[in-house]
Every structure is written in C-alpha cells, then in structure tokens.
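Each value in this text was obtained by applying a stated rule to the coordinates, not by laboratory testing. Values in this document were obtained by computation on a predicted structure and should not be read as measured data. Note that each Cβ is placed from the backbone with ideal geometry, even for glycine, and that neighbours are counted across all protein chains shown.
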Amino acid sequence: MALLILELEWGQRNNMKVYNQENYHIDKSKFSFAHENKKITDSKFDTKPTTFAKDAFKRFCKNKSSVVAAFIIGFLLLGSFLIPLIDTNDIKSVHPDQSLLIPKIFNAGTGFWDGTKKYNNIAYSAEDEAPLGFKKDAIISMEVSGIEYINQPYKYALGGYLKIATEDMLQNKDETFDGKIKFLRNYKTFNYDPIYNYQLNVNLGDIDNITDDSSLGEYRIRMQTNSQFIEIQDWSKNFGEISINLNDIVKEKVTSAQIRFEVKPQINKYSYLLIKNINISCDNEEINELLSTISFDDANAAALIQKQDNGTFPNMYWQSNANRDIYQAEKRSVSFVYDQYEDVFGKRNMALGSLRLNEYIEKGWVEYDYNIGPESFKVLDENSPVIQIYSQTYDSTYDIYTLNADIIYYKYIGMKKMPKYIFGTDISGKDIFKLAFSSLKTSLLIAILSSAVCLFVGLVWGSISGYFGGNVDLVMERFCEILSGVPWIVVMTLTILILGNNIGTFALALCLTGWIGVASRTRTQFYRFKGREYVLASRTLGSSDTRLIFKHILPNALGTIVTSSVLMIPSVIFSEATLAYLNLGLQGVDSFGVLLSDNQQYLATYPALIVFPAIIISLLMISFNLFGNGLRDALNPSLKGSD
C-alpha cells in the first residue's frame, strides 16, 4: 500500500504548537507516494529452515574438542567389539611360557617398541656362549661390561691358566730328585703314525710368584709310548708359546702315546706350571678330528672336566697325579639387548612325540623313517616346526617314539608367523591388547546399561518431584535421602551375595542408588525453569502438565542433565574397578576392573601391564567429559540459531 506524507501547518498559541482547525486546508500537492515505483514483497530468509536436532548437531560440530572426543569414543566402542573378533590370540587359556612379554610392534633391533629389553651386568656363561639363563639365538647385541679374575674352576668362567701344582717339594739342597718318581704329569693318550705330520702347540703362562710359598718350576715335555719315554723338550724355564713338530723327534709308529708335562719340585716351595692351552694337530683330517677332542683352548673348561662314573676319561680330560686348579680365569659380566619373542617363540630343543611328528609327515612337511633314525630326517616344507632331529627312543609299552629335536616353537603351537603383542602379555600369557578391548566391551556394556536405566528412572523421579513440589516433593526427597544414606558398597555386597556375581546382578546393584544423582539434578532444573514466562504462558493457554514437562521444561533442562549423565559411564567403570580391588568384582568375566586389579602388583617391574589399560581408561574419561560439554551446549535451546 502507498504511504502518504502530509505536511501540516501548526500555529503558535501560548508558546505551544496547536493545530489550527480554522485554517485547515489540505493541499494535495504536499502529498507524494513513498514507494510509487517499487513492489513490496516479503523478503527471502538468508538461512535455511532447520529443526532443533539439526541446529544442535551444527553447534556440536563447531566444538572441535567435542568432535575429537566423539571420534575417540567411537573408536574405542568400535574397537571393543571388533578387536576381540579380529585378533586370533587366545585369551581364554593360560599360556605360562608366554608370561610377561614386553610390547612389540616393530621388528627386533629397531630400538623402539620392538620386543627387546636391555640387560646390564649379567654373568656370562662361556659354556653356552651366552649370558646365564638366556638363549644365544635371542641376543641382538652384546658387550662385556666387566671382568673379574678368579683362581678356582668355575662353570661359567672363561679361559685362564690350568694350574698344575706338585704335591712334593725338596726339603734341602742335598736331596736328589728322581724324575721317575717325583714329578708332576698331565697327559692325554692318542695314536701316533709318523707318516703324517704332527704338531704340538702349547701356551705356558709366565706369571711367577703367585703366592709366597710357590713359584713356576722347571718343566719338561715327554712322550711316553708303550715301550719308552721320548724327550720332546728337556728341563727348561722357557714359558710362553711353544710349537714343536713331533715328526722331528718321534720316528716310530705307536698305538698309544701320551704327551706328558713334568715339573721338578723346588726347595721349600711347591712347583707349579700354568698351561693356557694345548693343541695337538695332524695333517690327516680324520686323525685331526680325533686330536681336536683332546686339545683345549679354554683352561677353565678343561679344569672342570672330571673322570666319569664308569672310570673312563672323557674328552679334554688331562689326567694328573698332582693338584689341578685354575688361575686368572675370566668371570665375565655382559650387557646385552635381548629379544624376548625369539626366546619364547624361536628355536627350542625339546622332546617330540611320534604322534605329532606323524601329523607333519602326513601333511608332507617332513620326511622321516623310524627304522633308520635321525639320519633319514628331511624338511620338505617351510611350515614344518621341526628343523632337526638328534636322537630317538622307543617305548614298547605304549608303542611310541620320543625324539630329541629342534623346533620352531611358534609353528609348533599353530601360529603362521612370529607373534607381535602390541601391549605385551600378562602373568598368564594373555594378549593385553585383546584382553584390554575385550574387558572394555564388558565394562562399557555394564556402564551403558546401568547409566541408561539410571537416567530414565532419575528423569521420571526428578521431573515429578520438581514439577509438582509441595508434599509430593517432600516425600520423594526424604525417600532419596534415606536411600542415599546407605553406603553403595553395602548395597553392592548384599546384592551380589543374594543374587550371585554376574553382569546382570552387577548392573542392577549400580542402578539401585545410581539414579538418585540424576533425579536430584533434574529436580533442580525443574525448579529453575517451571516459573519462567513461557511456561506460565503455555499454562494460561491450557497446556497439560505432560506437555509442560516434556515440551517446555525438560528440553531446556536437558543440556545440564545429559552432560552429567554422560559422565556416569566412566564413573561406573571406575566403580567396577574399585570393587575389583576389594575382590567384589565380576568373577570369570574379563572387565577393566579385573584387568587393572590383577596387574597392579607389576606396576614397578612391568609397567606396560598397567600403563596401556590406564591410557585407555584415561582417554575414555577425558573424551566423555569433553563429549558431555559439547552435548550440553548443543542441547541448550537458548543457543538455538547462534553461531
């Protein structure tokens, strides 16, 4: 419609502007159309129409921290259901041999999260060529961290000098020494044929005055055959490395020859000889192989060998009628990086039953003939756990063979490749990664179920109490105070004792008093909003109590209620963990509380057992907190349409 603009004339009367009715004349020339050439229509909305849900989602997405928290919660929820299905590791059975493995993602030797552990100052076993109690094959790198010299044979020492001390000594200068009676001898028997070239190499220690009453004595080296003594080296005090070609001295063939080391007694002193190593070699390979068994490079190892129970002398045993001891053997300690997974799942020497071997034969993995023995063993497929068979024994009672064999253990227990436990294993050998997410699923199911029930009951109870007020509110509040006065641990204990320890009972026990907090917050919000103008206006227009509660009051109070209710989920998980510490937790079920309770004793020694589950539960707590804050802002109707 057109707008007319009228300019009116006013007169002055008593200093006031008064309309002059007498001179009232309308001049149409003073009128003009304001929008003569314009078309007036309703303007178009700059924004699209939206609903409360769409607007809430838009506002939630603008809160970046809440979005990230939602993704983390979604990942943990999805992982709690998918990972136990995808991960094939067994967490139902106990695996003692896989106990307390450290976490592993990358290959051994990369230096980070690779299943290796650094050990320092561990005694070294020269016999095993590895630290005591550790497997040589599992050592990634090793260095000597310390050497202690000892003067007695020790199983795990290395090298040193074989100390041969006489039992007799000359009492005065006039005493005559008879070499055939009073001498030290250390000898080993072998066959000698001069058509081959024989070489004797000896390293004699030149360390004198070990003690006040003993010193290095004169020695000689002789060969004793069946018929005579042959001087290889006459009495001498030349020590160090000695190399003698026996063919230059011994010309005849003998079936039994002994290399003997003899030492003269000294006046008022015991004589001794220090032998670092002895090596007898021949240019005939067959004879040389035999001679290598009676030579020794490690004096400590030679000193430890004793005569066998059957009275025979084993290899490397040098018989002596004198006192044998060791001097300056190296007792080493080493520092090394050790692959725990290779130790557990790598090569093992173990007894293998014929039933298991027959399975591998039927699959075409190996070839073996029990009538021939270990010589017939052959690997035909890389899937074969068995890599070597050393011996077999037969039990006629049960008609089975037992074989001593080297096997690859992870293949033996049915794995296709060397396992990698991301979070390691617990004391029972269970995969902590799978166990954590399996436990998380149980805890989340309990938490979500009990939180949903508590939220529903609390909303209904708090809405009625807060909306109606008066005596209704008074009675309902006294009931809540009485119920909340009973310690929740008592309620939990009585419920479990009466109904049994299972997931349903546990969730019910949490719900018995868990709704009181929701009811209190709901009641507070109803008292806050039920007197607002829009509620009074709606009541004036005839709205019912149900409409006022669910249409006008509850939507405005929902933000605060939902925020606090969302935090009930991690709170329930913490409550379950608390009960697990008191041995009131779930029995026979994997849950986060049970997992943390079982592993808390290893916090100092194996922190991964607690740290990784603690990280998961911390992420869950923080994420639910941020997620709840985002929901509070998103569900606040007063913020609808705001940026």
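Numerical summary
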{"quantity": "C-alpha long axis of helix 503-529 to longest principal axis of the chain, angle in °", "calculated": "30 degrees"}
{"quantity": "Charge dipole (the chain, unit charges on Cβ, about Cα centre) - positive-most of Ile503, Asn279, Asn625", "calculated": "Asn625"}
{"quantity": "Dipole magnitude of the stretch 437-591 about its Cα centre (Cβ charges: Lys, Arg +1; Asp, Glu -1), debye to nearest 20", "calculated": "500 debye"}
{"quantity": "In the stretch 367-416, the GluC sites (Glu not before Pro) that fall in loop regions by DSSP, at most 13 other Cβ within 10 Å", "calculated": "Glu382"}
{"quantity": "Ratio Rg/Rh [Cα only; Rh per Kirkwood] for the stretch 346-412", "calculated": "0.93"}
{"quantity": "The chain, relative contact order [Cα under 8 Å, separation at least 6], %", "calculated": "17 percent"}
{"quantity": "Cubic angstrom per residue, convex hull over Cα atoms of the stretch 61-202", "calculated": "317 Å³"}
{"quantity": "Per-bin percent of Cα-Cα distances, the stretch 509-586 [10 Å]", "calculated": "16, 36, 23, 14, 8, 2"}
{"quantity": "Inter-centroid distance (Cα atoms) of the stretch 267-284 relative to the stretch 223-255, Å", "calculated": "13 Å"}
{"quantity": "Given charges at beta-carbon only (K, R positive; D, E negative), |dipole| of the chain in Debye", "calculated": "4600 debye"}
{"quantity": "Translational diffusion coefficient (Stokes-Einstein; Kirkwood radius from C-alpha pairs) of the stretch 414-454 at 20 °C, 1.002 mPa s, in µm²/s", "calculated": "176 µm²/s"}
{"quantity": "Signed unit charges on C-beta, dipole axis of the chain, positive-most listed residue Ile207, Gly346, Gln328", "calculated": "Gly346"}
{"quantity": "Over the stretch 437-591, relative contact order from alpha-carbon pairs under 8 Å, at least 6 apart, %", "calculated": "40 percent"}
{"quantity": "Per-selection Kirkwood Rh - the stretch 503-643 (Cα, Å, 1 d.p.)", "calculated": "18.0 Å"}
{"quantity": "Packing-based ranking, highest mean first, of 453-461, 517-525 given that Cβ atoms within 10 Å are counted", "calculated": "517-525, 453-461"}
{"quantity": "Spatial separation of Cα centroids for the stretch 359-418 and the stretch 427-456, in angstrom", "calculated": "43 Å"}
{"quantity": "Proximal aspartates and glutamates to Lys58, defined as alpha-carbon separation beneath 18 angstrom and excluding residues fewer than eight positions away on the same chain", "calculated": "Asp46, Asp633, Asp643"}
{"quantity": "Largest-first principal axis extents, alpha carbons of the stretch 439-544, Å", "calculated": "53, 30, 18"}
{"quantity": "When each of Lys188/Lys331; Lys135/Lys331; Lys136/Lys430 is checked by Cα-Cα distance, pairs over 24 Å", "calculated": "Lys188/Lys331; Lys136/Lys430"}
{"quantity": "Contact order relative to length of the stretch 56-180, as percent, for alpha carbon pairs under 8 angstrom and 6 or more apart", "calculated": "12 percent"}
{"quantity": "Nearest-20 debye value, the stretch 333-488 charge dipole, Cβ charges on Lys, Arg, Asp, Glu", "calculated": "420 debye"}
{"quantity": "Ellipsoid equivalent to the chain - semi-axes via the Cα gyration tensor, in Å", "calculated": "97, 30, 27"}
{"quantity": "Degrees separating the helix 64-86 axis from the principal Cα axis of the chain, which is the longest one", "calculated": "50 degrees"}
{"quantity": "Helix 608-634 axis, angle to the chain major axis (alpha carbon atoms, nearest 10°)", "calculated": "10 degrees"}
